[in-house]
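Novice: Take a look at this one; I'll ask things after.
The values are calculated or read from the model by the stated rules, or taken from the named source; none is laboratory data. Note that the coordinates shown come from a computational prediction; the quantities given were computed from them, not determined experimentally. Note that each Cβ is placed from the backbone with ideal geometry, even for glycine, and that neighbours are counted across all protein chains shown. We work out accessible area using only protein heavy atoms, side chains counted, and drop any ligands, DNA or RNA first. Shrake-Rupley method; radii C 1.70, N 1.55, O 1.52, S 1.80 Å.
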Amino acid sequence: MPVLNKDSQSQKSILVSCDHCHSPFELSNYKKESVILNQNPVSNPQSVEGINKDIEHTYFNCPSCGHAYTCYYTDEHIRAMQANLRKMQRKQSHRPTAAKARQANELHQSIKQAMQLLRIQVETTS
């Protein structure tokens with residue numbers, strides 16, 4: 001993963017350095033694309049078991065060498081959990097309680113685990 005440095009002039013821009021070509025660049029836009037798994041159900045029936053087919057890959061590329069860096073993968077289930085978390089956080093901003101904060105943290109951890117598992121599944125299946 002490239003080295004991240006906050007730009008002192010702007011809180012929104014992040015200066016990164018590519019691990020491959022060592023060229024510095026400003027991380028400003030991410031790309032999303034649907035993932036199509038390379039699968040042959042006859043030879044490997046277990047290859048996509050439990051993986052939702054509606055998978056999005058979010059990543060960015062080094063503008064100098066084109067190396068791609070994966071940010072994360074999501075499927076319908078993960079995106080639904082993220083929407084629930086945003087909803088919880090909006091409600092929590094009006095009346096925060098320890099129980100609501102704990103519930104939001106647990107959901108955040110579930111999302112994180114689901115994203116890690118999905119990344120492993122996609123990258124070993126593709």
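Novice: Taking K6 and the conditions (1) surrounded by fewer than 13 Cβ atoms within 10 Å (Cβ to Cβ); (2) touching a helix residue (DSSP H, G or I) at 6+ places or on another chain (Cβ under 9 Å); (3) modelled with pLDDT under 85, which numbered condition does it fall short on, given that it satisfies the others?
Specialist: Among (1) surrounded by fewer than 13 Cβ atoms within 10 Å (Cβ to Cβ); (2) touching a helix residue (DSSP H, G or I) at 6+ places or on another chain (Cβ under 9 Å); (3) modelled with pLDDT under 85, the lone unmet condition for K6 is (2).
Novice: Right, next: Which of (1) surrounded by 14 or more Cβ atoms within 10 Å (Cβ to Cβ); (2) not in a helix (DSSP H, G or I) does S64 not meet, given it meets every other one?
Specialist: Going through (1) surrounded by 14 or more Cβ atoms within 10 Å (Cβ to Cβ); (2) not in a helix (DSSP H, G or I) one by one, S64 breaks only (1).
Novice: Here is a further query. Quickly run through the range 67-89 and pick out the residues that are open to solvent by 20 Å² or more (accessible area, probe 1.4 Å), among the polar types (S, T, N, Q) and under 13 Å from K32 (Cβ atoms).
Specialist: T70
Novice: Residues being more than 16 Å from M115 (Cα to Cα), modelled with pLDDT under 70 and among the small types (G, A, S): count how many of those fall in the range 43-71.
Specialist: The number of residues fulfilling the criteria is 2.
Novice: Quick check: is even one residue across the range 35-42 at pLDDT 90 or above and open to solvent by 50 Å² or more (accessible area, probe 1.4 Å)?
Specialist: The answer is no; no qualifying residue exists.
Novice: Here's something else I'd like to know. When the range 97-119 is examined, which residues are found to be surrounded by fewer than 11 Cβ atoms within 10 Å (Cβ to Cβ) and either touching a Pro at 6+ places or on another chain (Cβ under 8 Å) or among the β-branched types (V, I, T) (or both)?
Specialist: T97
Novice: Continuing with the same structure: Need the failing condition index for P96 against (1) at pLDDT 95 or above; (2) farther than 23 Å from I120 by Cβ; (3) not β-branched (V, I, T), just the number.
Specialist: The number of the failed condition is (1).
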